[in-house]
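Asker: Could you have a look at this structure, given as C-alpha cells, before my questions?
The values are calculated or read from the model by the stated rules, or taken from the named source; none is laboratory data. Note that this is a predicted model, so its numbers are computed, not measured. Here Cβ is always computed from backbone atoms with ideal geometry, including for glycine, and neighbour counts include all displayed protein chains. With ligands, DNA and RNA removed, areas are computed over all heavy atoms of the protein, side chains included. Shrake-Rupley method; radii C 1.70, N 1.55, O 1.52, S 1.80 Å.
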Amino acid sequence: MSAPTVTAPAPPRSRSAKDVARAVFKRQETGLLGVIILLGFVVSLLNSNFLRTDNLYNVLQTVVVVGVIAVGQTFVLIAKEIDLSVGSVLALSAVTAGSVYGSGANPWIAMLAGIAVGGVCGLLVGTVVVIGRVSSFIVTLGMLSIARGLTQLVTGGLPQSMPSELSFIGQGRVFGGVPVSVIIFIVLVLLGQLLLTRTVFGLRVTAIGDNDAAARTGGIPVGRTRILTFVLIGLLAGLAGIIFSTQVGVAEAQAGTGYELDVIAAAVIGGASLSGGRGSIIGAFLGACLLGVLRNAFILLALSPFLQQLSIGLVIVLAALFDQGRQGNLRHLSPAALRQRFLSGR
Amino acid sequence: MSAPTVTAPAPPRSRSAKDVARAVFKRQETGLLGVIILLGFVVSLLNSNFLRTDNLYNVLQTVVVVGVIAVGQTFVLIAKEIDLSVGSVLALSAVTAGSVYGSGANPWIAMLAGIAVGGVCGLLVGTVVVIGRVSSFIVTLGMLSIARGLTQLVTGGLPQSMPSELSFIGQGRVFGGVPVSVIIFIVLVLLGQLLLTRTVFGLRVTAIGDNDAAARTGGIPVGRTRILTFVLIGLLAGLAGIIFSTQVGVAEAQAGTGYELDVIAAAVIGGASLSGGRGSIIGAFLGACLLGVLRNAFILLALSPFLQQLSIGLVIVLAALFDQGRQGNLRHLSPAALRQRFLSGR
Amino acid sequence: MTTTEKPAALEVAGLAKSFGAVRAVRDVSLAFPAGQVTGLLGENGAGKSTLIRLCSGEMRPDRGRLTLAGQEVSFGSPLEAIAAGVVVVHQEPLLISELTIADNLFLYDLGERPAYAAARRGENVARARELLRDLGMTDYLPDPATLCRELSAASRQMVDIVRALSRQPKVLFLDEPNSSLTHEESERLFSVVRRLRADGVAVVLVSHRLAEVFSIVDHVIVLRDGTFVAAGDPTEIHEQRAVALMAGERKRAVVAETVAERRDAVAHARDAEVALELANLSGEGFADVSFALRRGEILGMSGLVGAGRTEIAEAVIGARRISGGRVLVGGRPARISGPGRAQKLGIAYVAEERRTEVFHAQTVGYNLTVRILSTLGPFGFVSARRTNAAARELTRRFGVKTASTEAPITSLSGGNQQKVLLARALAAKPRVLILDEPTRGVDVGTKAEIYATLRELAHTEGLAVWFISSELEEVVELADRVVVVRQGRLTLDAPNTAGPQPIVAAAMGSTEG
Amino acid sequence: AACGGGDDSKAASGPSDVISGRPAPTDQKPSSQVKVAMIGFANNPYWVSVKSGADYANRVLASRNGKVDWIVAGDNIDVQTVSSAIKGADAQGYKGIGFFIAGEGNCADIKTLSAKGNKLGAYNTLFDCVGSSGGTVNYAQEQYKAGQTAAKEMIKATGGKAGKVGIIVSQFTAPGSEQRRKGFVDGLQGSSLTLVGQGVEAKDSASNTFTAAQNYLQSNSDLVGIYATAGGPFGAAQAVAAAKKQDTVKVIGFDITTENIDAIKNGSMYGVIGQDAFGQGYNVAIQLYNAAVTGKNPDQVSQEAEAPFVTKDNLAQHDPSSVPLGTPGAS
Ligand SMILES: Nc1ncnc2c1ncn2[C@@H]1O[C@H](COP(=O)(O)OP(=O)(O)OP(=O)(O)O)[C@@H](O)[C@H]1O
Ligand SMILES: Nc1ncnc2c1ncn2[C@@H]1O[C@H](COP(=O)(O)OP(=O)(O)OP(=O)(O)O)[C@@H](O)[C@H]1O
Ligand SMILES: [Mg+2]
Ligand SMILES: [Mg+2]
C-alpha cells in the first residue's frame, strides 16, 4: 500500500557543495552582508574617506555598545522573550561602577560591581517573568523605569567619573589602531555565536523559544534557562555600560536612553524572530553594523539628520518584510494568488 | 422548535444582585479605582492641596494626551497587536496641523489635516501588518522612526504655531473651570467603551485578538478589522497631537517622545492583556489617572522625581502581577503548591 | 482485574487526576506486563493520554501510586521517568523545529548535561545515523542533519518514535504513534515493537486504528470516562467486545433507536433539493471531489486521518485555495472567497479542534453570539438586551449546561463547549452545516444529545449536515449517507445501510478497483 | 522640603549675604510668607549651579519671610513636563514660579497664571513671549549672540586658516541649542571656515558627543574645529585628545563645569562660554520674590545673562572653585 500523506522521503545523502552554497545564500546573514557591502560601495564612491581603515574602525566603535547588548537581545528573542530595560540597565551599571570607584574602591572591583548590577537586574527580571508568569514586555518595561530611577537616585542626576585605569576599555587602541572595544565586541560576538550554536545552553534557549512544551517534556530546565538568558543580557548590558562610560570617562545618568529600540532593531534586522526559536549572533552583529554604516554614511555625505531617522525606520520595516519573503510567508502576494483573490470577487 | 431529546438543563438564571456585586468586585477596574482612591486619600492627608478641584482638574489635564491614545492602544492590545509609534505620530499630526495652518489654511481644516495624517499612519501600519505579515512591534518600531523623521523634515526642527482659534481645545475651560480637553477625554473614553462592548466592530476586535483562527473561520473580516484598529489609534494619536499642541500653542517636533511606553503602561495597568482578547477602556482611563495621580503626588509631596520614576516602574510590574493573581495564574505560588514542590525535593 | 502470567513492569493503583470539573482519570488501578504489547483502548477523552502523562512524570496525579518493577516510584519530571526507563511517544510529536533531527533525537542530553557543556552536534549526527541504521529505519527519515522544520508530519512522528526507542525503555508508551503513518510505516514500527517485546519491554499502544492494534497486542485494557473497565487477552476481549466496552450502554440504546428511522430519512432525502454540490473540486491535498448534499440529509465523511477531509471542507468555505472544479450552492455556482462569504450563502462551519474554535477569554454568551453580531442591533451597534436574549435562547435550545450566559467559557465542560460551538454555528440559521470532528473529546452522553439535535434539525427543518469524523462508529450511527476520502479522492459515496465494512474497505483502499 | 536626593542640610547651610552685582531683595516686608518655586531638572552639571543659586536665594530670603523651593519637574525635558510642574506649583500656592523654559509653549502657562496674579519667571532661554504674556522676568544668555561669539573665537583660535568645522547640537528641536547653532553659522559667514553638514545631534550626552566628534575627525582630514552647543562638550575634547589633534582642532563648548575646566586645563578644549547658571537660579528667585512682595515687575523683563568666553588665559577669574560662591561670571 502506498503512502496516503507523504511521498517517500528522499534517501539521506550528504550535502553537496551546491547545497551548501544554496544554504549559505538563503541565510539572512548573507543577504545582510550583501546589503552592507553594497551600501559601503555606494558611500565610498561619494566620499573616499569611508573606506579608510580608521573610519571603518570608527564605524565599528560606534556600534559596539548597541552591538554588545544586541548579542544578549538575540538570545532573549530566541527564547521568545524581549528585554526593553537594557538602556536603563546600561546606565545603572555605569553609574554604579562610577560611584563604587568614587567611594574609593579598586577600579577593577568597581567595574565588576557595575557588571554584576546588570546581572542582578537580569536575574530579577527573569525571576518575575518565570515565577510571576508576567510577560517579559511588561516586566522589562517596569525595569526600564526602575533602573533609570535608581540610576538617578545613585547619582543625583550628576555624572560620575570613571576610573582612568579603565579608560583603555573605551578609548584604547592596540595592534596599530584597532580599538580595544571593537576587539571586545568581536570576541563577544564569536563567543555568543558559539554559545548559541555549540553549547547545551544555546540549544536549550532555542528549544524553549521554539516549543516550550516540547522543551519541558524533553527535560530541559525551562525556567532556569529563561532566567539565565535574562542574566546574560543583563551582564552584557552592564558590560556595555562600562564600555560606554569609559569612552568618555564619565558615567551619565541619562546614558543609553532609548537604546532598547536600537538594540531590538539590530537583532531583528540580523534575523532574530519575535516569535522565538530563530536568530543569529553574527546576524545581530551585522544588523548593528548596518545601522552604524547608515549613520556614518549620513555623516560622511553630510545628509540631513532627519533623513537618517526616517531611513532607519524604513530599513527596519524593509528588513522584516524581506525576512518574511525569504521565509516564504508572502506567497499570498504572488501574482497567481492575487489573481485568484481578485477573480473570486474580493 | 422544542428542545430535542435532551435532558432539561437548569435554565440560565438572571444574575442576582449578589452576583453582580461579586462580578463588579472582581473587575480590574474596581481594584484600580480602589488603589487610586486610597492613594488620593493618603496624599490628601499629607498635602491638603491635593483635593482642591483645580488640582484634580490639573491631574486630569496632564493625563489627557496619554489617556486619549491609551483608549486606542487598548483596542490595539485587545487585537493582540501593539503600537509603538504613537508618540511620533502625535508629533507628526501636530506639526502637520501647524504647518497647514501656517500655509494659510482655515484652522479647522488644519486640525482635520493633522488628525487625518494620524489616520494615514495607522492605515499604513495596519496594511503592512496585515498584508506583509510582519509583527506590529517591528512595523510600529519602524514607524516610530519614520514619523519622527518626517516631523523634523516638515518643520526643519522649528516649532510651528498653532492657530489661536483652536487654543480652546487645549486651554479652554467651561462650566466653571472644567478643562475642555478633559471633557473631550471623558467623552472619548465613554464612546470607546461603547465602541468596544456594544458594537460589531468592538466585538470583532475582541474576537481576532482572542482567537484569530476561530475569528477567521467564523467569517469575521480579520484583516480589515485589524487595519481599522490601527487607523483608530492613528486618529486618536492625531487628536492627541492637536490637544497637546493647543495646550501650549505650538507644535514642536520633539513632542511626545517616549510616550509609547506611558500609553502602553496605562492600558496594561487598566487590564489590557498583551496576549490579546482582554482589555477595558474605562480601565485604561483609570490606568492613565493612576499614573497622573502618582506624578502629581510626587510633585505635591515634593518627593524626588527619581523615586517617581522608580515607583511608576514598580506599579507597572505590580499591576501585571496582580492581574495574573486575579486570573488565577499564580496558584503555583500558593503555600500548598509550594509545600508540595519542596517536599517532592525539587 | 484479570491477571496475566507475565510480571508487571509498571503498576498503577488508585490513580486519579482532575482538571477543574473534568475528572479525566478516576481511581484507576491496572498493570502493564513486561515483555508484552498492551493495547490501551478507550474513546476520545477516555483518559488514555492523561493516564500516560501521569505515568511518565509529565503530570502529578491527585492521588494514587506508581510501582515500577516492584518498587514504588514518583517522578518529578519526564527526565526522571526516562532515567527510570519510562518513555513516551506523544500524540502530538514534541519537536524543536529549529533544531536538526539529530539534536531532537538526543534532546534529553540537553536536560542531562550541564548548561556550559559543548553541544556535540556533529557527533550527534553521526550517532543518529548509527542509531537509525541499528533500528533499520534509515530509509524513513531524511539525513539527521536536516532541520525538523523541513519535515513532513509523518517524518516528525517518526523522529519522536526513534527518539523514544533510543532511550532503551523498560516501559514504552506509544500514544497514537501511527495516526499519521502509512500502513507500511506502521508495519515497520510494529516490527521494532516486536523486537522490543522480545527484549522484555512493556509496550503500551494507544490507537484508534483497532485493526492494526489487534494485529499486534498480547493484552488489552479498556478505559471509559476515566475509569478502568476491563483487561484481558485479545481472544477474550476481541475487537467487537472492545468496542462495546469502550462505548458503554447508553450509546447502544441510542443506536438501536435510530437504525429504523434512518431508512425513512434516506428515502425522504432522495428527492429533496440539493443544498450544496461539489463538482470535480481540486486543491492542495485533494483532487476531483464530487458529491451532492441534499436538504434534510446527514452526510458522514469518513477516511483515515490525513486523508484530506479537512482540506476539502476548508476549500468549500473559502479558507483554502481551489485549483479546479466548482462549488454550487442551492444549484447555482458560487464563488466563495472566504468564511464570511460562505456564511452569507447560508453555510456554517465548525472547525475540527475545539481548542482553536473557542474564544477562551470570553463569556459563554459572547461565544454563542459572535457569528451573529450584525443581526443584534441597528447600524453596527449590538444591543446588550438582544444579545442576552439570543444567548439564553441558544443555551436553552441546545441544552448547554452553564451557570449563566455571563460565565467564562472555560468554566464549561468539554462537551458543553462543543454544544456552544454547535449552537453558535446554528444561530445564524444556516441551510448547510459543515462539522469537522464534531464530537472529539465529547463524552458519551453528550454525544448522544448532539446526535439527536442534529437529526432533529435535519429531519424536521431540512438542514443539510455534512460532518467529518474519524470515528467509524459515529459515521455508521449518525450518517444517512457516507462518503469516504482516501488520499484526497472520493472512494465511496453510498447510503449508510451496509454497516462499517464497506467504509473501512474504502478508507484503507484494500478493495480498490 | 528640597528635592533631589535629600541634601537639605547642604542647602540650608552656606553663605547668606546678599551678593553684590546681582538683584537685591526688596526692603518691603511681606505680611505673610512668600513662597517661590524654582522648577528645573537634574540631568547634568548645569543644574547644580542653577540649584545652588536658588538655594542661596532661599538663605538670603529666609530672614525676609521668603522661601525658595527647588522642584525637579521630571525627566523628560519638554514643554509638557514643565507645564505640568508649573500647574502643580500653582496648586500648592506658590506666589512666584521660576522655571526652565522648554519652548514657546510655556508662555501659555505664563499667560493664564499671570492673569491670576502669580509671578512667573523663565530662565535658560530668552523668548519675546515671556514679556508679552505678562511674565515677570526672563533671565538667560542671549544664545544667538553666544553662538556668534563662539564663531568669532573659533576664527581667532584657528588663526584664519581655511578648514572645516563640525557642529554638535543637543537636539535640532531644542530651541536654545538651535539659536546657538544659528548664531555660530551666521558668525562664520565671510570667514575661511566652512561647515561639515548641518551638524549632528548628541542629546546632551558626553558619550554621544565623543562619538560624533570622532566621526568628524575621521571623515574630514581638514577639520580645524568642533563647536558643541549643549551638554557634555568635554566628550568632543576627549575625542580630539584621543586622536592627538589638540594642536590642530579647536573645541569650543558651553558651560563652566568641572569637566570642561579640566579639559581647558589639559589643552584638549580651547574654550567655553558661560551663561551664569547660578544667576539663573538666584536672580530669578530674588526678582520673583520682589515682584510678589511689591506687586511691581522689574523694568526689564528680558534680561541678558553675562556670557564670558573662558579660555586657559582668563580661567583664574572664572573658575568657580577659586572665587566666592555666586561671583558673576563664574558659572
Ligand atoms: N490539560 C488539560 N486541561 C483540562 N482538561 C484536560 C487536560 N488534558 C486533558 N483534559 C481532559 O481530560 C479528559 C481526558 O483527556 P485525554 O487526553 O486523557 O483523553 P484521551 O483518552 O487521550 O483521548 P484521545 O483519544 O482523544 O486522545 C478529556 O475530557 C480532556 O478534555
Ligand atoms: N499546516 C500543515 N502543515 C503540515 N502538514 C499539514 C498541515 N495541515 C495538514 N497537514 C497534513 O496534511 C494531511 C491532511 O490533513 P487533514 O487535516 O486534511 O486530514 P483529515 O483527513 O482532515 O484528517 P483528520 O481530520 O482526521 O485529522 C495530514 O497528513 C496532515 O498532517
Ligand atoms: Mg489522547
Ligand atoms: Mg482534519
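Asker: So for the stretch C:352-375 (the condition being away from ligand 4 (no atom under 16 Å from the Cβ), out of contact with any Cys (no Cβ under 6 Å at 6 or more places or on another chain), more than 7 Å from chain B (Cβ to nearest Cβ) and under 16 Å from C:ARG431 (Cα atoms)), does at least one residue qualify?
Answerer: Yes, because at least one residue in the stretch C:352-375 is away from ligand 4 (no atom under 16 Å from the Cβ), out of contact with any Cys (no Cβ under 6 Å at 6 or more places or on another chain), more than 7 Å from chain B (Cβ to nearest Cβ) and under 16 Å from C:ARG431 (Cα atoms).
Asker: Can you name the residue in the stretch C:16-38 that is surrounded by 24 or more Cβ atoms within 10 Å (Cβ to Cβ) and within 16 Å of ligand 3 (Cβ to nearest atom) and is also nearest to the other protein chains (Cβ to nearest Cβ) among such residues?
Answerer: Top of the filtered list is C:VAL25.
Asker: Given the structure, is C:LEU373 buried (at least 19 other Cβ atoms within 10 Å of the Cβ) and either outside any loop (DSSP other than H, G, I, E, B) or in contact (Cβ under 8 Å) with a residue 12 or more places away in the chain (or both)? Before the answer, list the steps.
Answerer: Details: buried (at least 19 other Cβ atoms within 10 Å of the Cβ): yes; either outside any loop (DSSP other than H, G, I, E, B) or in contact (Cβ under 8 Å) with a residue 12 or more places away in the chain (or both): yes.
Here the answer is yes, as C:LEU373 does meet what is asked.
Asker: Within the stretch C:428-476, which residues are open to solvent by 10 Å² or more (accessible area, probe 1.4 Å), more than 16 Å from ligand 4 (Cβ to nearest atom) and away from every other protein chain (no Cβ under 14 Å)?
Answerer: Scanning the stretch C:428-476 gives C:ARG431, C:GLU473, C:VAL476.
Asker: Which one is nearest to ligand 4 (Cβ to nearest atom) among residues in the stretch C:39-53 that are within 14 Å of chain A (Cβ to nearest Cβ) and open to solvent by 20 Å² or more (accessible area, probe 1.4 Å)?
Answerer: Among those residues, the one meeting the criterion is C:SER49.
Asker: Quick one: count up the residues across the stretch C:215-229 that are within 16 Å of ligand 1 (Cβ to nearest atom) and either open to solvent by 30 Å² or more (accessible area, probe 1.4 Å) or at negative phi (or both).
Answerer: The first filter runs over the stretch C:215-229 and keeps only residues within 16 Å of ligand 1 (Cβ to nearest atom), leaving C:220-229.
Now drop any that are not either open to solvent by 30 Å² or more (accessible area, probe 1.4 Å) or at negative phi (or both), which leaves C:220-225, C:227-229.
Summing the residues that are within 16 Å of ligand 1 (Cβ to nearest atom) and either open to solvent by 30 Å² or more (accessible area, probe 1.4 Å) or at negative phi (or both) in the stretch C:215-229 gives 9.
Asker: Let me ask something else. Within the stretch D:223-249, track down each residue that is surrounded by 24 or more Cβ atoms within 10 Å (Cβ to Cβ) and not in a loop (DSSP other than H, G, I, E, B).
Answerer: First pass over the stretch D:223-249, keeping only residues surrounded by 24 or more Cβ atoms within 10 Å (Cβ to Cβ): D:225-240, D:249.
If the condition is that a residue be surrounded by 24 or more Cβ atoms within 10 Å (Cβ to Cβ) and not in a loop (DSSP other than H, G, I, E, B), then D:GLY225, D:ILE226, D:TYR227, D:ALA228, D:PHE234, D:GLY235, D:ALA236, D:ALA237, D:GLN238, D:ALA239, D:VAL240 are the ones that fit.
Asker: Checking the conditions here, which among D:GLY225, D:GLY274 is touching a Lys or Arg at 6+ places or on another chain (Cβ under 6 Å) and more than 24 Å from A:SER164 (Cα to Cα)? Quick ask: steps written out before the conclusion?
Answerer: Values: D:GLY274 fails: touching a Lys or Arg at 6+ places or on another chain (Cβ under 6 Å).
D:GLY225 is the lone residue from the list that is touching a Lys or Arg at 6+ places or on another chain (Cβ under 6 Å) and more than 24 Å from A:SER164 (Cα to Cα).
Asker: Can you go through C:GLU437, C:GLU473 and tell me which one is within 24 Å of C:LEU345 (Cα to Cα), at pLDDT below 90 and within 16 Å of ligand 1 (Cβ to nearest atom)? Break it down stepwise before answering.
Answerer: Values: C:GLU473 fails: within 24 Å of C:LEU345 (Cα to Cα).
Exactly one residue qualifies, and that residue is C:GLU437.
Asker: From C:ARG332, C:ARG341, C:ARG321, which residue is away from ligand 1 (no atom under 16 Å from the Cβ), charged (D, E, K, R) and under 28 Å from the mean Cα position of the chain (by Cα)? Walk me through how you get there before you give the answer.
Answerer: Working: C:ARG332 fails: under 28 Å from the mean Cα position of the chain (by Cα); C:ARG341 fails: under 28 Å from the mean Cα position of the chain (by Cα).
Checking each option against the conditions leaves just C:ARG321.
Asker: Which residue out of C:SER155, C:SER77, C:SER56 is within 28 Å of the chain's Cα centre (by Cα), open to solvent by less than 40 Å² (accessible area, probe 1.4 Å) and within 16 Å of ligand 2 (Cβ to nearest atom)? Steps first, please.
Answerer: Values: C:SER77 fails: within 16 Å of ligand 2 (Cβ to nearest atom); C:SER56 fails: within 16 Å of ligand 2 (Cβ to nearest atom).
Matching residue, one of C:SER155, C:SER77, C:SER56: C:SER155.
Asker: Tell me which residues, restricted to the stretch D:194-224, are more than 8 Å from chain A (Cβ to nearest Cβ) and over 23 Å from the mean Cα position of the chain (by Cα).
Answerer: Across the stretch D:194-224, the qualifying residues are D:THR194, D:LEU195, D:LEU217, D:ASP222, D:LEU223, D:VAL224.
Asker: Shifting gears a bit: Mind listing just one residue for me: the one in the stretch B:166-187 that is small (Gly, Ala, Ser) and in a helix (DSSP H, G or I) and, of those, surrounded by the fewest Cβ atoms within 10 Å (Cβ to Cβ)? Write out each step before concluding.
Answerer: Quick first cut of the stretch B:166-187, residues small (Gly, Ala, Ser) only: B:167, B:170, B:172, B:176-177, B:181.
From what is left, the residues that are in a helix (DSSP H, G or I) are B:167, B:170, B:181.
Working: B:SER167: 18, B:GLY170: 24, B:SER181: 27.
Step by step, filter the stretch B:166-187, then rank; the result is B:SER167.
Asker: Related question: Restricting attention to the stretch C:394-415, and to residues there that are open to solvent by less than 50 Å² (accessible area, probe 1.4 Å) and at the interface with chain B (Cβ under 8 Å from one of its Cβ atoms), which single residue is farthest from ligand 1 (Cβ to nearest atom)?
Answerer: Keep residues of the stretch C:394-415 that are open to solvent by less than 50 Å² (accessible area, probe 1.4 Å), which gives C:394-395, C:397-400, C:402, C:404-405, C:407, C:409, C:412-415.
Next, from what is left, pick out any that are at the interface with chain B (Cβ under 8 Å from one of its Cβ atoms): C:395, C:397-400, C:402, C:404-405.
Working: C:THR395: 21, C:ARG397: 24, C:PHE398: 19, C:GLY399: 18, C:VAL400: 17, C:THR402: 17, C:SER404: 22, C:THR405: 22 Å.
Residue satisfying both the conditions and the ranking: C:ARG397.
Asker: On to the next question. Which of the residues spanning the stretch C:58-102 are farther than 30 Å from C:ARG23 by Cα and in contact with a strand residue (DSSP E or B) (Cβ under 9 Å, 6 or more places away or on another chain)?
Answerer: C:SER97, C:GLU98, C:LEU99, C:THR100, C:ILE101
Asker: Follow-up. Are any of the residues in the stretch D:289-300 under 24 Å from D:TYR144 (Cβ atoms) and buried (at least 24 other Cβ atoms within 10 Å of the Cβ)?
Answerer: Step one: filter the stretch D:289-300 for residues under 24 Å from D:TYR144 (Cβ atoms), giving D:298-300.
Subset that is buried (at least 24 other Cβ atoms within 10 Å of the Cβ): none.
Within the stretch D:289-300 (the criterion being under 24 Å from D:TYR144 (Cβ atoms) and buried (at least 24 other Cβ atoms within 10 Å of the Cβ)), the answer is no, since none of the residues qualifies.
Asker: Give all pairs with beta carbons closer than 7 Å in which a residue from the stretch B:212-224 that is within 9 Å of chain C (Cβ to nearest Cβ) and open to solvent by less than 30 Å² (accessible area, probe 1.4 Å) meets a residue that is in a loop (DSSP other than H, G, I, E, B) and not β-branched (Val, Ile, Thr); count only pairs at least 6 apart in sequence or on separate chains.
Answerer: Note: pairs meeting the criteria are B:ALA214/C:GLU357; B:ALA214/C:PHE359; B:THR217/C:ALA319; B:THR217/C:ALA351.
Asker: Just need a number here: residues in the stretch C:90-110 that are more than 16 Å from ligand 2 (Cβ to nearest atom) and within 20 Å of C:THR138 (Cα to Cα).
Answerer: Number satisfying all stated conditions: 9.
Asker: In addition: Determine if the stretch C:86-105 includes at least one residue that is within 16 Å of ligand 4 (Cβ to nearest atom), within 24 Å of the chain's Cα centre (by Cα) and open to solvent by 30 Å² or more (accessible area, probe 1.4 Å).
Answerer: Filtering the stretch C:86-105 down to residues within 16 Å of ligand 4 (Cβ to nearest atom) leaves C:91-92.
When the remaining residues are screened for being within 24 Å of the chain's Cα centre (by Cα), the result is C:91-92.
Still in the running and open to solvent by 30 Å² or more (accessible area, probe 1.4 Å): C:91-92.
Among the residues of the stretch C:86-105, at least one is within 16 Å of ligand 4 (Cβ to nearest atom), within 24 Å of the chain's Cα centre (by Cα) and open to solvent by 30 Å² or more (accessible area, probe 1.4 Å), which makes the answer yes.
Asker: Here's a follow-up. Out of (1) under 28 Å from C:GLY324 (Cα atoms); (2) modelled with pLDDT of 85 or more; (3) not aliphatic (A, V, I, L, M), what's the single condition that is false for C:GLY462?
Answerer: (1)
Asker: Is there any pair with a first residue in the stretch B:298-310 that is on the phi > 0 side of the Ramachandran plot and a second that is of a type in the set (A, V, I, L, M) whose Cβ atoms are under 8 Å apart and which are 6 or more apart or on different chains, and what are they?
Answerer: Between residues of the stretch B:298-310 that are on the phi > 0 side of the Ramachandran plot and residues that are of a type in the set (A, V, I, L, M), the close pairs are B:ALA302/D:ALA1; B:ALA302/D:ALA2; B:ALA302/D:ILE71.
Asker: Go through C:GLN501, C:GLN487 for me and flag whichever is within 16 Å of ligand 4 (Cβ to nearest atom), surrounded by fewer than 23 Cβ atoms within 10 Å (Cβ to Cβ) and modelled with pLDDT of 80 or more.
Answerer: On the way: C:GLN501 fails: within 16 Å of ligand 4 (Cβ to nearest atom).
After applying the criteria, what remains is C:GLN487.
Asker: Right, next: Can you tell me which condition D:ARG64 does not meet? The list is (1) in contact with a Pro (Cβ under 7 Å, 6 or more places away or on another chain); (2) more than 9 Å from chain B (Cβ to nearest Cβ); (3) buried (at least 24 other Cβ atoms within 10 Å of the Cβ), and all the others hold.
Answerer: The single condition D:ARG64 does not satisfy is (3).
Asker: Continuing with the same structure: Which of the following residues is modelled with pLDDT under 90, within 16 Å of ligand 2 (Cβ to nearest atom), on the phi < 0 side of the Ramachandran plot and out of contact with any Pro (no Cβ under 9 Å at 6 or more places or on another chain): C:HIS238, C:HIS208, C:HIS183?
Answerer: Just one listed residue meets the conditions, C:HIS208.
Asker: Criterion first (farther than 17 Å from A:VAL68 by Cβ and among the hydrophobic types (A, V, I, L, M, F, W, C)) does A:LEU239 satisfy it? Talk me through it step by step, then tell me what you get.
Answerer: Working: farther than 17 Å from A:VAL68 by Cβ: no; among the hydrophobic types (A, V, I, L, M, F, W, C): yes.
For A:LEU239, the condition - farther than 17 Å from A:VAL68 by Cβ and among the hydrophobic types (A, V, I, L, M, F, W, C) - is not met.
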